[in-house]
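Here's the structure we're looking at; comments come further down.
The values are calculated or read from the model by the stated rules, or taken from the named source; none is laboratory data. These figures come from a predicted structure and were not determined experimentally. Glycine gets a Cβ as well: all are built from the backbone with ideal geometry, and neighbour counts include every protein chain shown.
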Amino acid sequence: MAPVAFIANIIALACISGAALAGLVSLYASATIFLAIAYGAWMFLFGLDGATRPARGSKFEYSLSPREFEAFRRYHTFILWPIPAQVQSGILNNFRLAGVVWGGLCIWHGMYWHGAGCIAFFFVSGGLILQLSPVLYMASHAKAGNATAIEDLALIQDVTEILRESHTP
């Protein structure tokens, strides 16, 4: 997991640093660039996730139970491409944390709309971050006895095993 986090952190740091450098000119420019990068990345990854989501009625659907297929549709990026999915999740999570800092700075300087956009990113990106790296974010909840987390992780494991056996999604 460490190499995955390292890659995500380097990519996010490069983007965040570029936006922060614009802060030498103005906080307005810096926040605007950060918002464009963060929401642009989120929209791209959200669209990519939606475009690659398995369609209902596919022949693979019939080899899974209805709950397994729903789990596959929700977590398909992680199931099919776990390392790229975790990198994408890590990048968005770094943007999420940086957005809180940018949001605080913007609000402190009276740039309320920019601040609200930065803080909103924290909430907007959460669902996709979870979908891209469910094991990382649900494992602690499953260990604490959360029934939904336990069930989702079991379904992800079942679908992954079925995919390995069949070699075709």
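Report yes if some residue within segment 120-129 is of a type in the set (S, T, N, Q) and modelled with pLDDT under 95; otherwise report no.
Narrowing segment 120-129 to residues of a type in the set (S, T, N, Q): 125.
Still in the list and also modelled with pLDDT under 95: none.
No, because not a single residue in segment 120-129 is of a type in the set (S, T, N, Q) and modelled with pLDDT under 95.
Any idea which of (1) buried (at least 16 other Cβ atoms within 10 Å of the Cβ); (2) under 17 Å from the mean Cα position of the chain (by Cα) is the one Leu13 doesn't satisfy? (1) is the only condition that Leu13 fails.
Considering the conditions (1) surrounded by fewer than 17 Cβ atoms within 10 Å (Cβ to Cβ); (2) in contact (Cβ under 8 Å) with a residue 24 or more places away in the chain; (3) among the basic types (Lys, Arg), Arg96 is excluded by exactly one of them, (1).
Quick one: which residue in Arg74, Arg56 is of a type outside the set (A, V, I, L, M, F, W, C) and either free of Cβ contacts under 8 Å to residues at least 24 places away in the same chain or more than 30 Å from Arg164 (Cα to Cα) (or both)? Before the answer, list the steps.
Working: Arg74 fails: either free of Cβ contacts under 8 Å to residues at least 24 places away in the same chain or more than 30 Å from Arg164 (Cα to Cα) (or both).
Result: Arg56 is the single residue among Arg74, Arg56 that is of a type outside the set (A, V, I, L, M, F, W, C) and either free of Cβ contacts under 8 Å to residues at least 24 places away in the same chain or more than 30 Å from Arg164 (Cα to Cα) (or both).
When Tyr28 is tested against (1) more than 21 Å from Ile129 (Cα to Cα); (2) surrounded by fewer than 16 Cβ atoms within 10 Å (Cβ to Cβ); (3) free of Cβ contacts under 8 Å to residues at least 60 places away in the same chain, only condition (3) is not met. In the set (1) within 20 Å of Ser89 (Cβ to Cβ); (2) touching a residue at least 12 places away in the same chain (Cβ under 8 Å); (3) surrounded by fewer than 16 Cβ atoms within 10 Å (Cβ to Cβ), the condition left unmet by Ala38 is number (3). Comparison of Pro3, Pro84, Pro54 shows that the only residue that is under 22 Å from the mean Cα position of the chain (by Cα) and outside any helix (DSSP H, G or I) is Pro54.
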